[in-house]
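J.: My questions all concern the structure below.
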């Protein structure tokens with residue numbers, strides 16, 4: 001093979017032994033798998049092998065054996081020459097002398113940081129070469145994100161750090177939901193590192209609300225990942241075009257020209273909207289995190305992720321208490337959003353008693369109440385039979401670390417067909433002064449203006 005076997009510090013020999021340990025040492029594999037990515041390896045066949053390892057892990061939640069990798073290579077690699085090289089590499093990896101395995105383990109995270117830092121430096125160099133002064137603030141972000149790879153550290157800082165920024169009115173930089181009443185109460189929406197939950201009985205409007213939130217974020221130029229387990233992807237696509245055109249889902253086919261014109265217009269926005277269908281009751285949060293990391297590694301920095309819904313996700317490990325498992329999934333979701341610096345919305349089912357409730361509360365959450373202990377916001381949606389007939393709903397902010405909770409919006413317009421949610425029709429708007437409401441509206445307006453400036457610059 002003509003592959004260069006040097007690669008400098010932490011080069012070929014190190015990467016060979018690192019692959020050996022990910023296959024042969026399960027405890028080490030579990031500690032590194034979340035941080036290590038195929039792109040970090042310099043040899044193209046090392047990349048392919050690492051990709052096979054991660055795909056196997058995502059499916060079976062354990063590292064593959066060498067025999068399993070042989071089988072995967074035969075199945076997944078179509079090129080006969082590539083298969084031969086990979087078989088040769090696997091033999092070399094298997095026979096690697098790893099008497100210095102403690103050194104390999106110690107330097108594994110440093111290796112990930114080093115490789116990520118190389119890519120970050122290239123991005124910074126491109127910004128400098130272009131003289132893109134307005135993007136200079138991204139340089140720090142690229143370097144910072146590279147350095148914290150694999151740390152598992154939520155960060156520590158001295159109390160007076162960046163005090164001026166802390167005292168700015170919009171220090172959180174929230175991503176609005178697009179529902180004015182909610183954004184007013186939530187101080188502008190959900191910021192990166194924060195998670196929110198939509199709580200509702202079956203068929204009431206969880207998907208409608210999450211899709212509306214996703215659509216709003218994309219319209220503002222954010223990069224959005226919408227993950228769903230149960231819906232047909234075409235249905236979700238159509239829901240977004242309903243949001244953009246105001247044409248009900250079941251009438252879109254009769255207005256093809258309007259939809260196509262709108263599609264051309266929306267392609268010019270500054271953000272991306274990625275829809276991802278995943279198998280229900282087969283995925284863990286770790287696997288989902290790997291999916292998000294993969295998208296990020298391919299060049300799209302995700303700003304907000306919406307998961308429809310959290311109850312479809314399995315715990316990463318077995319729990320004697322099922323409720324603890326459900327709470328663990330929610331904590332993993334919050335940890336992912338904090339680590340990757342993204343905002344996160346998800347949804348959860350209400351229990352049987354929630355079906356007939358005028359207002360759904362946290363004690364009517366299906367499964368473990370531990371899910372309610374995690375996160376920043378819980379918004380509930382309830383519909384009586386009469387409200388369903390009239391296209392109305394009662395929305396309540398039943399938990400909030402961001403503003404006031406216990407706020408109820410009665411008889412809001414809530415149309416699952418057009419995805420229109422309007423809290424201006426509410427009969428009850430408890431506990432907030434008009435002055436504060438106006439301030440929050442001004443905040444949202446400024447956020448919209450900033451995002452539009454970014455979009456205009458990118459176009």
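J.: Inside the range 1-97, counting only helices (runs of 4 or more DSSP H) that do not spill past its ends, which hold 2 or more residues that are over 33 Å from the mean Cα position of the chain (by Cα) and surrounded by 20 or more Cβ atoms within 10 Å (Cβ to Cβ)?
T.: Numbers: elements: 12-24, 26-32, 44-60, 66-76, 80-94.
The helices (runs of 4 or more DSSP H) meeting that bar are 80-94.
J.: Can you find a residue in the range 318-332 that is at pLDDT below 90, part of a loop (DSSP other than H, G, I, E, B), in the same structural domain as residue 292 (by TED's automatic domain parsing) and in contact with a strand residue (DSSP E or B) (Cβ under 8 Å, 6 or more places away or on another chain)?
T.: Restricting attention to the range 318-332, the residues satisfying the condition of being at pLDDT below 90 are 318-332.
Now narrow it down to the ones that are part of a loop (DSSP other than H, G, I, E, B): 318-321.
From what's left, in the same structural domain as residue 292 (by TED's automatic domain parsing): 318-321.
Keeping just the survivors that are in contact with a strand residue (DSSP E or B) (Cβ under 8 Å, 6 or more places away or on another chain) gives none.
Checked against the condition, which is being at pLDDT below 90, part of a loop (DSSP other than H, G, I, E, B), in the same structural domain as residue 292 (by TED's automatic domain parsing) and in contact with a strand residue (DSSP E or B) (Cβ under 8 Å, 6 or more places away or on another chain), the range 318-332 yields no hits at all.
J.: Any residue in the range 352-367 that is within 30 Å of residue 55 (Cα to Cα) and modelled with pLDDT of 85 or more?
T.: no
J.: Applying the selection to the range 230-266, what residues are outside any helix (DSSP H, G or I) and under 23 Å from residue 175 (Cβ atoms)? Steps first, answer last, please.
T.: We begin by selecting, within the range 230-266, every residue outside any helix (DSSP H, G or I); these are 230-232, 246-248.
Scanning the range 230-266 gives 231, 246.
J.: A follow-up question, please. Considering only the range 282-299, state which residues are in a helix (DSSP H, G or I) and either under 18 Å from residue 60 (Cα atoms) or under 13 Å from the mean Cα position of the chain (by Cα) (or both). Quick ask: steps written out before the conclusion?
T.: Kept after step one, since they are in a helix (DSSP H, G or I), are these residues of the range 282-299: 285-297.
Those that are in a helix (DSSP H, G or I) and either under 18 Å from residue 60 (Cα atoms) or under 13 Å from the mean Cα position of the chain (by Cα) (or both): 285, 286, 287, 288, 289, 290, 291, 292, 293, 294, 295, 296.
Condition check ((1) within 18 Å of the chain's Cα centre (by Cα); (2) assigned to a helix (DSSP H, G or I); (3) under 25 Å from residue 296 (Cα atoms); (4) modelled with pLDDT of 90 or more) across all residues:
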site: 184; (1), (2), (3), (4): no, yes, no, no
site: 203; (1), (2), (3), (4): no, no, no, no
site: 215; (1), (2), (3), (4): yes, yes, yes, yes
site: 222; (1), (2), (3), (4): yes, no, yes, yes
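The values are calculated or read from the model by the stated rules, or taken from the named source; none is laboratory data. Since this is a predicted model, take the numbers as computed values, not measurements. Methodologically, a virtual Cβ is constructed for each residue, glycine included, from the backbone with ideal geometry; neighbour enumeration extends over all protein chains shown.
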